[in-house]
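Pasting in a structure now, in structure tokens, and then I'll have a few things to ask.
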Amino acid sequence: MIGQDLLTIENLEVRYGETPVLQSVSLALQAGSILGIVGESGSGKSTLLLATMGILGRKGSIQDGRIIYQGTDLLQLSAEKMRRIRGKEIALIMQNPNSSFCPVRKIKHQLHEAVRSHGDLSGSEADRRMLELLARMNLPDGKRIMNSYAFQMSGGMCQRTAIAVAMVLRPQLLLADEPTSALDVTVQAQVIKEIMNLRTEFGTSVVIVSHNMGVISHMADQIAVMYGGLILEYGVKDEIIGNPAHRYTQNIIRAIPRLGAPAPRGIAVFQHERRTQGCPVQKSCPNYADQCLTKTPPLKEISKGHFLRC
């Protein structure tokens with residue numbers, strides 16, 4: 001039921017080596033809701049998901065902040081306690097489906113390994129759920145897919161299979177990293193429908209990241225716009241789409257093609273400069289002022305539930 005916050009991220013800062021990737025990121029996801037995070041490549045969207053899952057890798061480090069899931073700060077958990085949550089309560093759909101699977105093991109064996117590690121389902125029940133999910137995503141030959149290797153499937157089939165594996169344990173929180181990027185338009189619609197059905201049927205909360213504002217605007221209850229490791233604008237979908245306050249958000253929305261409307265001119269791309277201070281869009285913004293070079297603007301609430309960094 002939508003209401004209480006399931007996930008709260010507070011002032012999260014992440015570095016890869018000496019390079020800051022996320023800076024002062026704060027978000028809240030209510031139980032049963034969908035949060036869409038939109039931004040161009042390199043904005044920090046995927047890093048935010050990896051940090052939440054605790055799989056940044058050796059070069060990634062969390063410098064500050066908290067990631068609170070159901071009242072528990074995930075950053076304070078031991079590796080074993082985090083392993084119990086990862087996959088069962090919080091599942092991740094990777095952007096590149098081929099990297100989600102071991103290339104020398106069949107899909108069925110990998111599914112069973114994931115299920116056994118949490119001990120909640122028998123192999124036969126996992127198979128039944130998997131076949132049902134594959135059929136709902138227009139992959140009716142599920143038994144053949146289960147007995148296949150990832151390299152034997154097309155990119156679209158592999159992506160849908162990875163989504164089905166993530167859904168089998170019916171997680172409370174699903175993190176989806178560009179889940180439709182490898183799919184054609186028809187299959188995109190099916191996958192989006194099934195992800196949204198998870199919320200309806202099981203109360204699953206979803207964080208979906210994408211560079212496609214059209215997908216985000218269709219799915220999300222709330223939208224966060226990211227650039228340069230910062231959230232530039234954040235709020236309820238209708239407010240962000242209908243009343244965008246940041247110039248970058250306005251450009252993203254203008255770039256959405258609309259039937260019967262003139263062809264969009266595309267985004268006037270802001271120059272992504274390495275910086276240690278100041279606004280991430282700096283001189284590329286028409287509203288640029290001298291203070292933008294030295295002062296990173298805070299994220300302020302400009303109306304109820306609508307936040308802006310400018």
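Being modelled with pLDDT of 90 or more and open to solvent by less than 10 Å² (accessible area, probe 1.4 Å) is the requirement here; does I90 meet it? Step through it out loud before you land on a result.
On the way: modelled with pLDDT of 90 or more: yes; open to solvent by less than 10 Å² (accessible area, probe 1.4 Å): yes.
Here the answer is yes, as I90 does meet what is asked.
Out of M94, M167, report the one residue that is within 25 Å of K81 (Cβ to Cβ) and either among the small types (G, A, S) or touching a strand residue (DSSP E or B) at 6+ places or on another chain (Cβ under 7 Å) (or both). So that I can check it myself, show each step before the final result.
Numbers: M167 fails: either among the small types (G, A, S) or touching a strand residue (DSSP E or B) at 6+ places or on another chain (Cβ under 7 Å) (or both).
Criteria check complete, one pass: M94.
Based on what the data block shows, is I216 part of a helix (DSSP H, G or I) and hydrophobic (A, V, I, L, M, F, W, C)?
Yes: the conditions hold for I216.
Take segment 41-73 and flag every residue that is of a type in the set (A, V, I, L, M, F, W, C), under 16 Å from the mean Cα position of the chain (by Cα) and not in a loop (DSSP other than H, G, I, E, B).
L48, L49, L50, A51, M53, I67 - these are the residues of segment 41-73 that are of a type in the set (A, V, I, L, M, F, W, C), under 16 Å from the mean Cα position of the chain (by Cα) and not in a loop (DSSP other than H, G, I, E, B).
Cβ-Cβ below 6 Å, separation at least six or inter-chain, first residue in segment 160-186 and under 25 Å from I68 (Cα atoms), second among the aromatic types (F, W, Y): which pairs?
If the second residue must be among the aromatic types (F, W, Y), the pairs left are R170/F202.
Still on this structure, please answer the following. Filter segment 140-172 for residues that are touching a Pro at 6+ places or on another chain (Cβ under 9 Å) and not in a helix (DSSP H, G or I); which is surrounded by the fewest Cβ atoms within 10 Å (Cβ to Cβ)?
Across segment 140-172, the extreme among qualifying residues is Y149.
In segment 187-212, which residue that is touching a residue at least 40 places away in the same chain (Cβ under 8 Å) and farther than 14 Å from I34 by Cα is least open to solvent (accessible area, probe 1.4 Å)?
The qualifying residue least open to solvent (accessible area, probe 1.4 Å) is V191.
Taking G260 and the conditions (1) over 17 Å from F307 (Cα atoms); (2) open to solvent by 20 Å² or more (accessible area, probe 1.4 Å); (3) over 17 Å from the mean Cα position of the chain (by Cα); (4) in contact (Cβ under 8 Å) with a residue 12 or more places away in the chain, which numbered condition does it fall short on, given that it satisfies the others?
In the conditions (1) over 17 Å from F307 (Cα atoms); (2) open to solvent by 20 Å² or more (accessible area, probe 1.4 Å); (3) over 17 Å from the mean Cα position of the chain (by Cα); (4) in contact (Cβ under 8 Å) with a residue 12 or more places away in the chain, G260 misses (4) alone.
The values are calculated or read from the model by the stated rules, or taken from the named source; none is laboratory data. Please read these numbers as outputs of a predicted model, since none were measured by experiment. We place every Cβ from the backbone using ideal geometry, glycine too, and count neighbours over all the protein chains shown. Note: areas computed on protein heavy atoms with side chains; ligands, DNA, RNA excluded. Shrake-Rupley method; radii C 1.70, N 1.55, O 1.52, S 1.80 Å.
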